[in-house]
Structures are given as structure tokens and as C-alpha cells.
1. Would you work out the Kirkwood radius for segment 35-90? I mean one over the mean of 1/r across all pairs of different Cα atoms, in Å.
2. What is the angle, in °, between the Cα long axis of helix 52-64 and the longest principal axis of the Cα atoms in the chain? Nearest 10 is fine, range 0 to 90.
3. Given a 1.4 Å probe, how much area per residue of the chain is accessible, in Å²?
4. Would you mind telling me the share, in percent, of accessible area of the chain contributed by carbon and sulfur at probe 1.4 angstrom?
5. Rounded to the nearest 10 degrees, what's the angle between the helix 66-87 long axis and the longest principal axis of the chain, both from Cα atoms, 0 to 90?
6. Stretch HIS37-ASP56 to full length: gain in nm at 0.36 nm per residue minus the Cα-Cα span?
7. If I model a spin label at SER9 and ALA74 as a point 7 Å from the Cα along the Cα→Cβ vector, what separation in nanometres do I get?
8. Which value, in Å² rounded to 10, gives the accessible area of THR84 with a 1.4 Å probe and all protein chains present?
Amino acid sequence: MSVTIPVVSTPNVLGGKPRVEGTRVGVHQVGSLVREHDWSTAAVAEEFGLTADEIDAAIEYYESNPDEMEAVAAEADATRDRLTDVSRAP
């Protein structure tokens, strides 16, 4: 029996960004750690309390939606830059 783990987006959770259903773990976070930062899927699963199926679903979504993932990354970068600018002491 195959288990399908849905990736969902809801406005009030993670700002509407895609996440593994039933969690607050974002697809971009999982995909970025595995594909860009060379984390093992086992390490990500352990860190966030996810199953192998949930990790696979997140990575599949991440790889199937590069434009959306790029937009999520750009938004995160912009937020980080804004926070850095306002948090610097005069």
C-alpha cells in the first residue's frame, strides 16, 4: 500500500508557503537543506520529526516547482535583509 503525503498551502500557516501537511515544516526548508546544504534525508527527518515519506514528498514538490521555490527563497532573503537593516544600532 502506497502512502501519499500531501504538500499543502494555507494562508494562516507559514504565510501560505507550501509545507508538509500536518506540520509547520516548509517544503523550501526541507529541499534547501537536502539539495543545497547536503544534509541527508535521515538528518532532516530526525531534526524535524518527519518520516521518510514526508521528506520524499517535500523534495519532490521542491524539485517540481523551481519558480515557486525561488520566490520563497527571494522572500526569505528580503526579510532577512530588512531585519538586518533595522536591527543595526546607530
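The values are calculated or read from the model by the stated rules, or taken from the named source; none is laboratory data. For clarity, every value in this text was computed on a predicted model and none was experimentally measured. Don't worry about glycine lacking a Cβ; one is built from the backbone with ideal geometry, like all the others, and counts go over all protein chains shown. When the accessible area is computed, the model is the full protein with side chains, heavy atoms only, and any ligands, DNA or RNA have been set aside. Shrake-Rupley method; radii C 1.70, N 1.55, O 1.52, S 1.80 Å.
1. Details: mean 1/r = 0.0747 Å⁻¹.
Evaluated on segment 35-90, it is 13.4 Å.
2. 60 degrees
3. Per-residue accessible area for the chain comes out at 67 Å².
4. Values: 3070 of 6050 Å².
Of the solvent-accessible surface of the chain, carbon and sulfur hold 51 percent.
5. Result, in degrees: 30.
6. Details: separation 19, 0.36 × 19 = 6.84 nm, distance 1.63 nm.
Gain on extension, HIS37 to ASP56, equals 5.2 nm.
7. The two pseudo-label positions are separated by 1.4 nm.
8. 50 Å²
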